[in-house]
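Student: This is the structure I want to talk about, given as structure tokens.
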Amino acid sequence: ALAWARASAKCLNFNSMLILLPICRNLLSFLRGTCSCCRRTLRKQLDHNLTFHKLVAYALALLTAVHTIAHLFNLERYNHSQQATDGSLPAVLSKMHLQGSNWLNPIHSNETTVEYVAFTTIPGLTGVIITLVLILMVTSSTEFIRRNYFEVFWYTHHLFIIYFAGLVIHGIAGLVRGQTEESMEEVHPHRCARYLTQKEDNCWHDCCKDPEFGSIPAESWKWVLAPVLLYIFERILRIWRARQKVVVTKVVMHPARVLELQMEKRGFRMEVGQYIFVNCPAISLLEWHPFTLTSAPEEDFFSIHIRAAGDWTERLIDIFQQQKPRIEVDGPFGTASEDVFQYEVAMLVGAGIGVTPFASILKSIWYKFQQADQTLKTKKIYFYWLCRDTGAFAWFNDLLASLEQKMAESGRADFLTYRLFLTGWNTSIVNNVALHFDTAVDTVTGLRHKTIFGRPMWNTEFAAVAAAHPRSVVGVFLCGPEALAKSLQKSCHQYSSLDPRKVQFYFNKENF
């Protein structure tokens, strides 16, 4: 059991070293920038940072269970050896503390219990605290808790400070001991164990010496020191950047309880599809929430769209309807959408408020057309927007209408093909659409492209794109739910040609 405990401890140290790296967002943004000349598949790995973070957390939970159970067996055997009087090797080794400071068994009394060791020793108490903290962090990170009780997830996740402090202290007391290297050379257990249990009075053999035992040195701090220092630097940088003044220049209330904030901040520079973290001290000093930027890099302000989706966002919208509170901004941080202009053909898929990163991309395209940018590599964009209600379409109707007009005037009307899908409707909407079926513009959005009722048939869409661009590299970008991501990823694999010279679909998903 000691071997299981020691092995799982080594693995716990290794995974504890990794757990902080995927959430160092400035580090990831730096790596994304330095990898801009690298292969596309290498850059894509950075988009799986949260998935990797979760896998490491699950590994920590599993290894903690193995480590704890193994040590419970160890303590039971320690206790049994201390109470044994049969002259066996475990019994003899357990009584060595009576001869001085040289001991192997940490239990020195027949009245000592496993529970007493667990709650009165430094390794036992820190182990209990670490385990409880890990249980709280893992359980509060479930999808249900994060979606419905984000504050619970946010505050319990900051118990990681206690976790790392306990991890570093855990092995300091040296409760687990072993034979020293010098003693192993003189009194090797394979050769000398029988002399310890059957020692003669006038024994002259080397094995007659008592083995010397010492504490196994604590190693956890060596594993986690560099990642912890890196994360501390990350947090200092984020705090310094967040303290810089943010000016809210415009507040717009859109239908379906969607708030648009236009802001200015000195030295703020962004790329398409990036996101920021927003804090409102009037609501909470500690809570930071991510929002995708909906403005283009060419604009002299940056903007976000906030949909009411929880206590924090509800309170923020209510406050902004009455006054302009002080807000703090950290970022921007890189995402998969930054690579959209690296593809010849791009398929952009947004679900509900998930359209926000693509608003930034479409605005940037609009500015590139205005400036007659000849470096634009992208030749065709397919934009799919799925919404449950008609009010949501009003968020970016003006943008789509402007793009339609601008591209028609520049003779590139075929550059953007967009399809809007209404996934929730009632009979009154359907009747209204039927009455105005022959009109030039859509009755729901006022755009030239008619709204489609229902969900996209992705097999049909991918087949059409593959047929239209038989030798192109197509980037598929999604900001939406996991179920939709699985469907799109499956279609990407299905419609990518085995011949690398023909059409290839690369799937990219936004992760916060």
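Student: State whether the range 75-224 is rounded, prolate or oblate according to the following rule on the C-alpha gyration tensor (a ≥ b ≥ c being the square roots of its eigenvalues): a/c under 1.5 gives rounded; otherwise a/b larger than b/c gives prolate, and the remaining case gives oblate.
Tutor: Details: a/c = 3.89, a/b = 2.59, b/c = 1.50.
Prolate is the answer for the range 75-224, as a/c is 1.5 or above and a/b outweighs b/c.
Student: Okay, moving on. Tell me which lysines have Cα within less than 19 Å of residue 265's Cα, excluding those fewer than 8 residues away on the same chain?
Tutor: Straight-line reach from residue 265, under 19 Å: 245, 250, 324.
Student: Expressed as a whole percentage, what fraction of the accessible surface of the chain belongs to carbon and sulfur atoms when a 1.4 Å probe is rolled over the protein heavy atoms? If you can, show how the numbers build up before the last one.
Tutor: Values: 15830 of 26870 Å².
Exposed carbon and sulfur together represent 59 percent of the surface.
Student: In addition: How many Å² of accessible area per residue for the chain, probe 1.4 Å? Mind showing how you got there, number by number?
Tutor: On the way: 26870 Å² over 512 residues.
That works out to 52 Å² for each residue.
Student: Can you give the extra length, in nm with one decimal, that the chain gains between residue 173 and residue 58 once fully stretched, where that is 0.36 nm per residue apart less the Cα-Cα distance?
Tutor: Roughly 38.6 nm would be gained on extension.
Student: I need the semi-axes of the equivalent ellipsoid of the range 1-149: take the C-alpha gyration tensor, multiply each eigenvalue by 5, square-root it, list largest first in whole angstrom. Present the calculation step by step, with values, prior to reporting the outcome.
Tutor: Numbers: eigenvalues 397, 62, 27 Å².
In descending order the semi-axes read 45, 18, 12 Å.
Student: Give the residue from 178, 128, 157 lying farthest towards the positive end of the charge dipole for the chain; charges sit on Cβ (+1 for Lys and Arg, -1 for Asp and Glu) and the dipole is referred to the Cα centre.
Tutor: 157
Student: Let me ask another. With +1 on the Cβ of every Lys and Arg and -1 on the Cβ of every Asp and Glu, and nothing else charged, how large is the dipole of the chain about its Cα centre, in debye rounded to the nearest 20?
Tutor: Values: 51 positive and 45 negative charges, 324 e Å.
Magnitude of the dipole: close to 1560 debye.
Student: Another question, if that's okay. For residue 45 and residue 457 in one chain, what is 0.36 nm times their gap in residues minus the Cα-Cα distance, to one decimal in nm?
Tutor: Values: separation 412, 0.36 × 412 = 148.32 nm, distance 2.83 nm.
So the extension gain works out to 145.5 nm.
Student: Now for a separate question. Sorting 338, 328 by accessible area (1.4 Å probe), largest first, what list results?
Tutor: Working: 338 50, 328 15 Å².
Listed by decreasing accessible area, they come as 338, 328.
Student: Report relative contact order for the chain in percent, whole number only (criteria: Cα-Cα under 8 Å, sequence separation at least 6). Mind dumping the intermediate values first?
Tutor: On the way: 767 pairs, mean separation 56.4, N = 512.
Relative contact order comes out at 11 percent.
Student: Counting only C-alpha contacts under 8 Å and six or more residues apart, can you give the relative contact order of the range 1-237 as a whole percent? Please report the intermediate quantities before stating the final value.
Tutor: Values: 248 pairs, mean separation 51.8, N = 237.
Reported relative contact order: 22 percent.
Student: With axes computed from alpha carbons, what is the tilt in degrees of helix 160-170 against the longest principal axis of the chain, rounded to the nearest 10 within 0 to 90?
Tutor: 20 degrees
Student: For n ≥ 4 DSSP H runs only, could you compute -39500 (n - 2.57) per run for the chain, divide by its residues and tell me the 222 nm figure to the nearest 500?
Tutor: Helix contribution divided over all residues of the chain: -14500 deg cm²/dmol.
Student: For the pairs 10/222; 44/486; 380/490, flag any whose C-alpha to C-alpha distance is greater than 18 Å. Each step should come with its number before you reach the end.
Tutor: Values: 10/222 12 Å; 44/486 16 Å; 380/490 22 Å.
Violating the 18 Å limit, Cα to Cα: 380/490.
Student: I've got another one for you. Between the helical axis of 397-409 and the dominant principal axis of the chain, each derived from Cα atoms, what acute angle in degrees is found, rounded to the nearest 10?
Tutor: The helix 397-409 is inclined about 60 degrees to the chain.
Student: Cut-off 18 Å, label point 7 angstrom out along Cα-to-Cβ of residue 7: give me the residues of the range 147-186 whose amide nitrogen falls inside.
Tutor: In the range 147-186, the label zone of residue 7 (backbone N under 18 Å from the point 7 Å along Cα→Cβ) covers no residue.
Student: Please check the chain for the longest run free of trypsin sites (Lys or Arg not before Pro) that are loop-located per DSSP (anything but H, G, I, E, B) and have at most 11 other Cβ atoms within 10 Å.
Tutor: Working: sites that count: 39, 243, 245, 266, 269, 326, 377, 471, 501.
Here the longest run is 40-242.
Student: Next question, about the same structure. May I ask which residue of 226, 401, 491 lies farthest towards the positive end of the charge dipole of the chain, with charges of +1 (Lys, Arg) and -1 (Asp, Glu) on Cβ and the Cα centre as origin?
Tutor: 401
Student: Could you give the angle, 0 to 90 degrees to the nearest 10, between helix 122-139's Cα long axis and the longest principal axis of the Cα atoms of the chain?
Tutor: For helix 122-139, the angle is close to 20 degrees.
Student: Tell me the label only: which of (i) 59, 27, 22; (ii) 56, 40, 18; (iii) 62, 25, 21 is semi-axes √(5λ) of the Cα gyration tensor in Å as calculated from this structure?
Tutor: Working out semi-axes √(5λ) of the Cα gyration tensor in Å from the coordinates points to (iii).
Student: Considering only DSSP beta bridges where both residues belong to the chain, give the percentage that are antiparallel (nearest 5). Please list the in-between numbers first.
Tutor: Numbers: 25 of 53 bridges.
So the antiparallel bridges amount to about 45 percent of the total.
Student: Towards the positive end of the charge dipole of the range 248-333, with charges on Cβ (+1 Lys, Arg; -1 Asp, Glu), say which of 308, 323, 288 has the farthest Cα.
Tutor: Most positive-ward Cα: 323.
Student: Grab the beta carbon distance between residue 188 and residue 226, set R0 = 41 Å, and tell me the FRET efficiency rounded to 0.05. Don't jump to the answer; show the numbers that get you there.
Tutor: Working: r = 37 Å, r/R0 = 0.90.
For residue 188 and residue 226, the calculated efficiency is 0.65.
Student: Does the range 320-381 come out rounded, prolate or oblate by the C-alpha gyration tensor, with a ≥ b ≥ c the root eigenvalues, rounded set by a/c under 1.5 and, if not, prolate when a/b is larger than b/c and oblate if not?
Tutor: Values: a/c = 2.25, a/b = 1.92, b/c = 1.17.
Prolate, because a/c is 1.5 or more and a/b exceeds b/c.
Student: Taking only C-alpha pairs under 8 Å that are 6+ residues apart, what is the relative contact order of the range 38-149 in percent?
Tutor: Values: 59 pairs, mean separation 23.0, N = 112.
Relative contact order for the range 38-149 comes out at 21 percent.
The values are calculated or read from the model by the stated rules, or taken from the named source; none is laboratory data. The model shown is predicted, which means the values in this text are computed figures rather than measured ones. Heads up, the Cβs are rebuilt from the backbone with ideal geometry, glycines too, and the neighbour counts pull from every protein chain shown. Each accessible area value is taken on the protein alone, full model and side chains, heavy atoms only, with ligands, DNA and RNA left out. Shrake-Rupley method; radii C 1.70, N 1.55, O 1.52, S 1.80 Å.
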